[in-house]
1. If Gly39 meets every condition in (1) more than 17 Å from the chain's Cα centre (by Cα); (2) farther than 22 Å from Phe116 by Cβ apart from one, which number is that one?
2. Residues that are exposed (fewer than 14 other Cβ atoms within 10 Å of the Cβ) and over 16 Å from the mean Cα position of the chain (by Cα), at least 3 per element: which helices (runs of 4 or more DSSP H) completely within the range 57-139 meet that?
3. Residues of the range 1-23 being without any contact (Cβ under 8 Å) to a residue 60 or more places away in the chain and in a loop (DSSP other than H, G, I, E, B), which ones?
4. Please enumerate the residues belonging to the range 24-44 that are among the hydroxyl-bearing types (Ser, Thr, Tyr) and either surrounded by 14 or more Cβ atoms within 10 Å (Cβ to Cβ) or in contact (Cβ under 8 Å) with a residue 24 or more places away in the chain (or both).
Amino acid sequence: MNRRWLKIQSRVHQFVYRISGGKIGSYFGAPTLLLTTIGRKSGQSRTTPLYYLEEDNHWAVLASNAGSEQHPAWYHNLKATPSAKVQIRDKQFDVNVRVADADDRDRLWSQFLEIFAGYESYQAETNREMPIVILEPEQ
C-alpha cells in the first residue's frame, strides 16, 4: 500500500479517535490504541494508531511497518526515549516501554496473528524480525 496513503489514513484515524473519545476508531478491524512518542530527531509529539493486545496490567504492540525492511519511526522514537503516552478509548496513560524478550515474543506473536492474520504476510515480506513492544503504565 502507498506510504503516503497510509500516513493520511493514520492522521484521519487518530483525529476521529480523539474527537470521539475512542467511540470511533478504537476498534478498526482489531483493538486499536493511539501511541504518542517524542520524535528522536524533531523532539515533537508523534501519534500513531496501532493494533494492540492487552495482558494483565500492560499492552503490547507490534512494530510491523506493513512488512517494510525498516522499523517504524515510532519504534526508533521509543528506543531513544523509552516512555510514551497511550490513549485507549477515552482513557490516557503514561507508559514505560520495553522490547519483549524471546519468550514473551513467541507467546505474543501467535496472539497478534489471531487479531490480524496479515502480520504473517508482513513478516514474510521482510528479513527483519518485527519487534513486539510492551507498554507498561507508569506507577
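Values quoted throughout were computed directly from the atomic coordinates according to the rules given, and no laboratory measurement underlies them. Nothing here was measured: the structure is a model prediction, and the numbers come from that model. Note: ideal-geometry Cβ built from the backbone for every residue, glycine included; neighbour counts use all protein chains shown.
1. For Gly39, the exception is condition (1).
2. On the way: elements: 73-80, 102-115, 118-125.
Fully inside the range 57-139 and qualifying: 102-115, 118-125.
3. Taking the range 1-23 first, the residues without any contact (Cβ under 8 Å) to a residue 60 or more places away in the chain are 2-5, 7-16, 19-20.
Of everything in the range 1-23, those that are without any contact (Cβ under 8 Å) to a residue 60 or more places away in the chain and in a loop (DSSP other than H, G, I, E, B) turn out to be Asn2, Ser20.
4. Pass one, the range 24-44, residues among the hydroxyl-bearing types (Ser, Thr, Tyr): 26-27, 32, 36-37, 42.
Ser26, Thr32, Thr36, Thr37 - these are the residues of the range 24-44 that are among the hydroxyl-bearing types (Ser, Thr, Tyr) and either surrounded by 14 or more Cβ atoms within 10 Å (Cβ to Cβ) or in contact (Cβ under 8 Å) with a residue 24 or more places away in the chain (or both).
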